[in-house]
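The values are calculated or read from the model by the stated rules, or taken from the named source; none is laboratory data. This is a predicted model, so every value here is computed, not measured. Don't worry about glycine lacking a Cβ; one is built from the backbone with ideal geometry, like all the others, and counts go over all protein chains shown. Please note that ligands, DNA and RNA were not included when accessible areas were found on the heavy atoms of the full protein model with its side chains. Shrake-Rupley method; radii C 1.70, N 1.55, O 1.52, S 1.80 Å.
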Amino acid sequence: MNTIAIVGRPNVGKSLLFNKLTGKRLSIVEDTPGVTRDRIYAPCSWAGRDFLLIDTGGIEPHGMTNVPDAAKRPLSDTPPEILSFMRKQAEIAIETADVIILVCDVRTGQTAADDDVAAMLQKSKKPVVVAVNKIDGIGPPPPEIYEFYNLGLGEPYPVSALHGHGTGDLLDACLALMPEETAPPENDGAIRVAIIGKPNAGKSSLLNRILGSERAVVSDIPGTTRDAVDSAFENGHGRFILTDTAGMRKKSRVDEAIEYYSVLRAVTAAERSDVCVIMIDALEGVTEQDTKVAGIAHEAGKPSVIVINKWDAVDNKDEKTMQRTVDDVRVKLAYMTYAPVICLSAKTGARVDKLFPLLADCVEQSRRRVTTGQLNAFLAEAVAR
Ligand code: GDP
Ligand code: GDP
């Protein structure tokens, strides 16, 4: 799915705009107990096109939104932590989005920090739309809007995140710049697999282990719209496509350590897959971030296999260790009773081959259709009993 990212200084109105554009639907969605959710991305549609909207403000640490940000501060006056977060936001947006909305605030005017980010975005060559927010009045936009032409990113769009004015034109402009989404190539039965998990769980190691094995015949498939790269391979268990492997293969520019980024990557990778591999570090057990990543696969409605990696490094294993580990996963990811759990080692390769039949089985089950007749027959028998 195409992705639009919202970037901008703290306090310009990113969150409010995000909420306005995604609408109320987000809060109606029933919460699954145990699914930890960050409201940082949401599926949207406009003018018949579906896309994922992401709010990079989600990476701002708490309290940052209240930092005073006086108009026309020179860059050297912008608190360094704000500048550094704005640059990270921009990098993440460049890495993950097809179109970027740069939000500015008409009340502060164009600031040096806006310029700094605008320059980064411009260099990336990604399509950017400038939204000048907090223009709450109706009628022609105030003359202050024209100074935002100086950002060098084309026509600024007046919006009011508060009232919603101008948001339709803003989205029209974004869609006009959005690359046509090419359908994923017909994969004649190949299973699309997303390997997701927190940083250092061993995603790259598993990828390399799988693609490096002698029996695997690997080929690259360029991604659809983003800079994603998929890797197709075939082995004794069938044909598979590992989705969105670019970041795993060339440790991406973006700081993978930012939790937000790994969550976001999981969203886009899961969305393009038939089945997810949720990687968990055996040495750490199931952490809160693991539950977030697992929740993404769950909410996307994808079947999953839970992989407990680094099994080689678990000390003092006895015959009960594996069962205890699986039990722990079952408690912490209680909403995923359907997902098989496997302990393996990406490093030594132990049990990696056991993963493929599980993946194939999950996908087969998820594609199974039960006819009304079968369901009625089943219910009739249940009632009779
Ligand atoms: P963020 O830090 O960029 O996510 O900004 P927020 O969405 O948290 O908004 C910062 C402040 O600006 C909040 O007090 C909002 O209510 C206010 N705000 C945001 N958009 C508008 C707008 O369009 N009009 C007005 N009047 N206030 C706005
Ligand atoms: P990623 O960030 O999820 O891609 O994780 P990496 O594949 O880069 O692995 C992170 C670290 O864990 C590296 O130092 C790996 O060598 C190590 N690692 C990965 N898999 C295993 C494993 O199965 N056993 C052990 N002992 N270490 C592993």
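Quick notes
- Calculated FRET value between L177 and E381, using beta carbons and R₀ = 56 Å, to 0.05: 0.50
- Accessible area in the full protein assembly, largest first, 1.4 Å probe, for R351, R369: R369, R351
- For segment 106-173, trypsin sites (Lys or Arg not before Pro) are listed when DSSP marks them as loop and at most 16 other Cβ atoms sit within 10 Å of their Cβ; the list is R107, K125.
- Placed amide H near G8: partners under 5 Å, 5+ positions off or other chain: V103
- With the largest listed first and rounded to whole Å, the semi-axes of the equivalent ellipsoid of segment 78-214 from the Cα gyration tensor are 38, 20, 13.
- Computed extension length for T337-R351: 2.9 nm, one decimal, from 0.36 nm per residue of separation with the Cα-Cα distance subtracted.
- Built amide H within the under 5 Å cut-off of V277, gap 5+: A194, I195, I196, V305
- The label point for D315 and the one for I82, both projected 7 Å from the Cα toward the Cβ, are 4.8 nm apart.
- Net charge of Cβ neighbours under 12 Å - reference V129; Lys, Arg +1; Asp, Glu -1: -3
- Peptides 161-171, 260-270, 329-339 ordered by packing proxy, namely the average of other Cβ atoms within 10 Å per residue, highest first: 260-270, 161-171, 329-339.
- Sites listed here are GluC sites (Glu not before Pro) in segment 307-385 whose DSSP assignment is loop and whose Cβ has at most 13 other Cβ atoms within 10 Å: E319.
- A161 sits among other residues whose Cβ lies under 11 Å from its own Cβ, and their net charge, with Lys and Arg +1 and Asp and Glu -1, is +1.
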